[in-house]
Amino acid sequence: VKKLSLKAKADQKIKDGDVVTNEFDTNNTQELLVFYDTDCYKVQLDDISDSSSNALGEFLPTKLGIDTPIGYSLVDDKYKYLLVLYNNSKIAKVDLNSFKTESKRKKLSNSLYKDAKVVKMFTLQDDIDVVLTNDKGKELELNTSNFNVVTSRSSQGSFPKSKKNIVDIRLKDLEVTE
């Protein structure tokens, strides 16, 4: 969607029942990462036609030939990390530069850990505080700086501070995109 003038209506038009899942502030020279299964599809933002906020735009899963994606991210100088919570309670903090390629490859195979399902995924601009919830409802607050940054896209992650059975993660800072 193009940047809006101050006079323009700021609401994005969407179909009934649909919701906006991600919002990134960037320009059209960057690459959008669309995660499906263990693969990552890279979309050049300038390949997506510009539209106004009152238009429905393009449906990315159809454009890529996939079903419902499990998450989105962005290769951009502003965003640094992809934080992934897997259903085995492990958390991976992946350097987004690991998704950069010399050629304009459209699909990066094995971009997520294959032996666990993604529960949630966040794109971070910097380290922030998160709240982890275990299966008994207990919460643990910690900073993402406690997780080691990995450059392997398919990293299995690690258990945070010996806490297992993590079932949810939420962010205390709203400067991120889920």
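The values are calculated or read from the model by the stated rules, or taken from the named source; none is laboratory data. Just so it is clear, the model here is predicted, and its values are computed rather than measured. Glycine gets a Cβ as well: all are built from the backbone with ideal geometry, and neighbour counts include every protein chain shown. Calculation scope for accessible area: heavy atoms of the full protein, side chains included, ligands and nucleic acids excluded. Shrake-Rupley method; radii C 1.70, N 1.55, O 1.52, S 1.80 Å.
Here is a list: 152, 145. Which entry is surrounded by fewer than 17 Cβ atoms within 10 Å (Cβ to Cβ), among the small types (Gly, Ala, Ser) and part of a loop (DSSP other than H, G, I, E, B)? Walk me through how you get there before you give the answer.
Details: 145 fails: part of a loop (DSSP other than H, G, I, E, B).
The unique qualifying residue is 152.
Quick check on segment 74-86. Is at least one of its residues assigned to a loop (DSSP other than H, G, I, E, B) and of a type in the set (A, V, I, L, M, F, W, C)? Even if it seems obvious, please write down each step before you answer.
Initial filter on segment 74-86 (assigned to a loop (DSSP other than H, G, I, E, B)): 76-80.
In the following step, the residues that additionally are of a type in the set (A, V, I, L, M, F, W, C) were identified as none.
No, the conditions are met nowhere in segment 74-86.
With the requirement that a residue be open to solvent by 40 Å² or more (accessible area, probe 1.4 Å) and either touching a Lys or Arg at 6+ places or on another chain (Cβ under 6 Å) or among the aromatic types (Phe, Trp, Tyr) (or both), what does segment 107-124 give you? Quick ask: steps written out before the conclusion?
Let us first name the residues in segment 107-124 that are open to solvent by 40 Å² or more (accessible area, probe 1.4 Å), namely 107, 109-110, 113-115, 117, 119-120.
Result: 113, single match.
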Note to self: Take residue 79 and tell me if it is in contact with a Pro (Cβ under 6 Å, 6 or more places away or on another chain) and not acidic (Asp, Glu).
What the structure shows: no
Note to self: Looking at the structure I just gave you, is residue 130 of a type outside the set (Asp, Glu) and surrounded by 17 or more Cβ atoms within 10 Å (Cβ to Cβ)?
What the structure shows: yes
Checklist line | Total residues in segment 27-51, condition open to solvent by less than 30 Å² (accessible area, probe 1.4 Å) and modelled with pLDDT under 80 | finding: 1
Notebook entry, point to check: Where residues in segment 75-93 are among the charged types (D, E, K, R) and within 13 Å of the chain's Cα centre (by Cα), which of them is nearest to residue 147 (Cα to Cα)?
Noted result: 93
Notebook entry, point to check: Of the residues 104, 80, which is open to solvent by 20 Å² or more (accessible area, probe 1.4 Å) and under 16 Å from residue 25 (Cα atoms)?
Noted result: 80
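Here is a yes/no grid of residues against (1) of a type outside the set (Asp, Glu); (2) out of contact with any helix residue (DSSP H, G or I) (no Cβ under 9 Å at 6 or more places or on another chain); (3) touching a residue at least 24 places away in the same chain (Cβ under 8 Å):
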position	(1), (2), (3)
80	yes, no, yes
83	yes, no, yes
86	yes, yes, yes
94	yes, yes, yes
97	yes, yes, yes
102	no, yes, no
105	yes, yes, yes
112	yes, yes, yes
117	yes, yes, yes
